[in-house]
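**Q** There's a structure below that I have some questions on.
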Amino acid sequence: MEAMPIQTESFKLGFIGPGKLAESIARGVVQSGFLPPQRISTAIHSNPNRGIAFQSLGITVHTNNNDVVDASDVIIFSVKPQVVKNVVLQLRPLLSKKKLLVSIAAGVKLKDLEEWAGHGRFIRVMPNTPSAVGMAASVMSLGGSATEQDGELVGKLFGSVGKIWKADEKMFDAVTGLSGSGPAYIYLAIEALADGGVAAGLPRELALGLASQTVLGAASMAVQSGKHPGQLKDDVTSPGGTTIAGIHELEKNGFRGTLMNAVVAAAKRSQELSKT
Amino acid sequence: MVAVQPTHTDSFKLGFIGAGKMAESIARGVVQSGVLPPERISTAIHSNPDRGLGFKSLGITVYDHNDDVVEASDVIIFSVKPQVVKNVVLQLKPLMSTNKLLVSIAAGVKLKDLEEWAGHGRFIRVMPNTPSAVGMAASVMSLGGSATEQDGELVGKLFGSVGKFWKADEKLFDPVTGLSGSGPAYIYLAIEALADGGVAAGLPRDLALGLASQTVLGAASMAVQSGKHPGQLKDDVTSPGGTTITGIHELEKNGFRGTLINAVVAAANRSQELSKI
């Protein structure tokens, strides 16, 4: 039997697991105008503070996951990876094929999700922490019975907190190593740039402010210009200038190779963990 | 001595001497943010008529002579290349009394020289950076001898329309160059390397590069908006035995942070060397 298309103008969204990532997505969805808060719900069991965050957005907060599932056409499982199996199994009787299921649990595979839910209308998404500021880099993979239209809908949901790409699930370990873990590498870079500024004589506050804004500006140039990063670097390295002197230092110590090592190692670790 | 007349914030006119890319970015930012309507902005084109198109399309007046720009303006930004700024200022000196606020964005050109060439101290020096082009500049300004607080605020509004700005002592401009001036290039290298890492781990190039750029953008946005220390932000996302701390470990093994410190210091030193030539 074919999956019934979700009605984009009237569908209701539910979050199972009212965590920070769920809150970021909910906020993004509401602020972008894609869904009014009345069509969104979640449930709070143990921590009432989490309820306040969602309620302040105008979102309905139930006391039971069952109520969320009953009220929703699209359900995002945003509980921790260790508990998602039990949660899906518990809710299984209520998860008909009419409902589109989404999981953002890191490392949890579609074939397992589909087995626990009893059907293949699941979409797996790997977002990353900058969802909190609407600048996520997310990747999704469609389960066995998820339709193109399902993919487009989920694309709009996650598009409200940043950018989203589609990819084969077998790439998710590599995605984890890059966009999942990548922000941390950049926090190290920002700290180091600030330290460099201080070493060169700047007061700490100015150095840190400049460091963060410089990285923001460079990334904005990369995202908006559509130019190859090598070309962007060429554009700003004038002969015998300060910039090429700085670049030379980076190349001397294999700066680029070190970052490659980080992505590869994190991807490998993701693969190891998925086998645990 | 005549006291400096304050520039009227609601009616002042802005002129660019040197119609280059940086000038265009600033002009665009100023117009799009509503700080100034285009009718109150002008520049002059001498050699390259194509440069005029960018400004004209914003509604900005384009003259044939710098003299006309100076006469029409209360605030003048010198956006010519550092090698020619001396001659340009000297040429326009007779037209630039203290009732005009002068601004220079010429890298490495000191206030004491600018003031000498102009014949007065109502100069402000600004070190912007290339992401002015996308409204995400990191700019630092230093006030000359006769520039007032209010002058500083006005220039702050202008450069605030293309990003963030800070005030600092001019003696800090070499390290500023090494950090925010040259810094974007270090990040372009990082983006390329992150993409290469993704490809090494199995991603197709397009996806790897898209994710790399967006990941850096997201992380920087978190840093700027959260107000948290970058070390705290890193702590927040490194779960026990997870993928992220594994990646971090690789970076620490090869002195990733030290390498970036080296780059900033080397670029700052080079800036200092160049300013002595």
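The values are calculated or read from the model by the stated rules, or taken from the named source; none is laboratory data. Note that the structure is predicted; figures quoted are calculated from it, not measured. Glycine gets a Cβ as well: all are built from the backbone with ideal geometry, and neighbour counts include every protein chain shown. With ligands, DNA and RNA removed, areas are computed over all heavy atoms of the protein, side chains included. Shrake-Rupley method; radii C 1.70, N 1.55, O 1.52, S 1.80 Å.
**Q** Output wanted: per-residue J couplings in Hz (rounded whole) for segment A:217-233, from phi through Karplus 6.51 cos²θ - 1.76 cosθ + 1.60, θ = phi - 60°, x for Gly and Pro.
**A** Working through the residues one at a time gives x, 5, 5, 4, 4, 4, 5, 7, 7, x, 7, 5, x, x, 5, 4, 5 Hz.
**Q** Mind listing P(r) for the protein assembly as shown? All alpha-carbon pairs, 20 Å bins, whole percents.
**A** Distribution as computed: 21, 44, 27, 7, 0 percent.
**Q** Calculate the dipole size of the protein assembly as shown relative to its Cα centre from +1 charges on Lys and Arg beta carbons and -1 charges on Asp and Glu beta carbons; express the result in debye to the nearest 20. List each step's numbers first, then the result.
**A** Details: 52 positive and 49 negative charges, 161 e Å.
Here the size comes out at about 780 debye.
**Q** What list of ³J(HN,Hα) values in whole Hz, one per residue of segment A:124-137 in order, does the Karplus curve 6.51 cos²θ - 1.76 cosθ + 1.60 (θ = phi - 60°) give from phi, with Gly and Pro shown as x?
**A** With the stated coefficients, segment A:124-137 comes to 9, 10, 10, x, 9, 4, x, 4, 4, 10, x, 10, 6, 10 Hz.
**Q** Something else about it: Accessible area per residue of chain A at 1.4 Å probe, in Å²?
**A** 41
**Q** Per residue of segment B:257-268, what does 6.51 cos²θ - 1.76 cosθ + 1.60 with θ = phi - 60° give for ³J(HN,Hα)? Whole Hz please, x for Gly and Pro, Karplus curve as stated.
**A** Each residue's phi maps through the Karplus curve to give 5, x, 5, 5, 4, 3, 4, 4, 5, 5, 5, 5 Hz.
**Q** Going through the cross-link list A:K166/B:K228; B:K167/B:K276; A:K20/A:K80; A:K233/B:K21; A:K170/A:K233, which pairs have a Cα-Cα distance over 21 Å in this structure?
**A** A:K166/B:K228; B:K167/B:K276; A:K170/A:K233
**Q** 7 Å from Cα along Cα→Cβ at both A:I52 and A:S10: what's the point-to-point distance in nm?
**A** For the pair A:I52/A:S10, the computed spacing is 3.7 nm.
**Q** Roll a 1.4 angstrom probe over the protein heavy atoms and tell me the percent of accessible area of the protein assembly as shown that is carbon or sulfur.
**A** Exposed carbon and sulfur together represent 51 percent of the surface.
**Q** Please report the accessible area of B:W166 (heavy atoms, 1.4 Å probe, ligands and nucleic acids excluded) in Å², nearest 10.
**A** 60
**Q** For chain A, give the magnitude of the charge dipole about the Cα centre (Cβ charges: +1 Lys/Arg, -1 Asp/Glu; no others), in debye to the nearest 20.
**A** Charge dipole, chain A, about its Cα centre: 460 debye, nearest 20.
**Q** I've got another one for you. Classify chain B as rounded, prolate or oblate, taking a ≥ b ≥ c as the square roots of the eigenvalues of its Cα gyration tensor: rounded when a/c is under 1.5, otherwise prolate if a/b is larger than b/c and oblate if not.
**A** prolate
**Q** How many partner chain Cβ atoms sit within 10 Å of a residue's Cβ in peptide B:268-276, on average, as a whole number?
**A** 4
**Q** Can you list the residues, at least 5 places off or on another chain, whose amide H is less than 5 Å from the amide H of B:I124, using H built in the peptide plane?
**A** Amide H to amide H, under 5 Å and 5 or more residues apart or across chains, B:I124 pairs with B:L102, B:V103, B:S104, B:G144.
**Q** Then there's this: Grab the other residues whose beta carbon is less than 13 angstrom from that of B:A263, score K and R as +1, D and E as -1, and report the net.
**A** Net charge in that neighbourhood comes out at +2.
**Q** Here is a follow-up. What does the net charge come to around B:E115 if you take all other residues with beta carbon closer than 15 Å to its beta carbon, with K and R at +1 and D and E at -1?
**A** Net local charge, B:E115 excluded: +3.
**Q** Separate question: Taking the full set of protein chains and a 1.4 angstrom probe, give the accessible area of A:E9 in square angstrom, rounded to the nearest 10.
**A** Near enough 130 Å² of accessible area.
**Q** A plus B alone minus the pair: what accessible area, both sides summed, probe 1.4 Å, in Å² to 100?
**A** 8300
**Q** Quick one: go through segment A:1-41 and flag any residue whose amide nitrogen is under 18 Å from the point 7 Å out along the Cα-to-Cβ line of A:E148.
**A** Only A:2-8 fall inside the zone, counting backbone N under 18 Å.
**Q** Going by accessible area, probe 1.4 Å, with all protein chains left in place, what is the ranking of B:E149, B:E252, B:E273, largest first?
**A** Most to least solvent-accessible, the answer reads B:E149, B:E273, B:E252.
**Q** Taking H placed 1.01 Å from N in the peptide plane, check which residues at least 5 places from B:W166 or on another chain put their amide H under 5 Å from its amide H.
**A** Amide H neighbours of B:W166: B:S139, B:V140, B:M141.
**Q** Compare A:S96, B:S47 by solvent-accessible area with a 1.4 Å probe and give them largest first, with all protein chains kept in place.
**A** The most accessible residue leads, giving B:S47, A:S96.
**Q** Quote the accessible area belonging to A:R27 in square angstrom, nearest 10, computed with a 1.4 Å probe and with ligands, DNA and RNA left uncounted.
**A** A:R27 exposes around 80 Å² with every protein chain in place.
**Q** Mind ranking A:H228, A:H119 by accessible surface for me, highest first, 1.4 Å probe?
**A** In descending accessible area the options line up as A:H228, A:H119.
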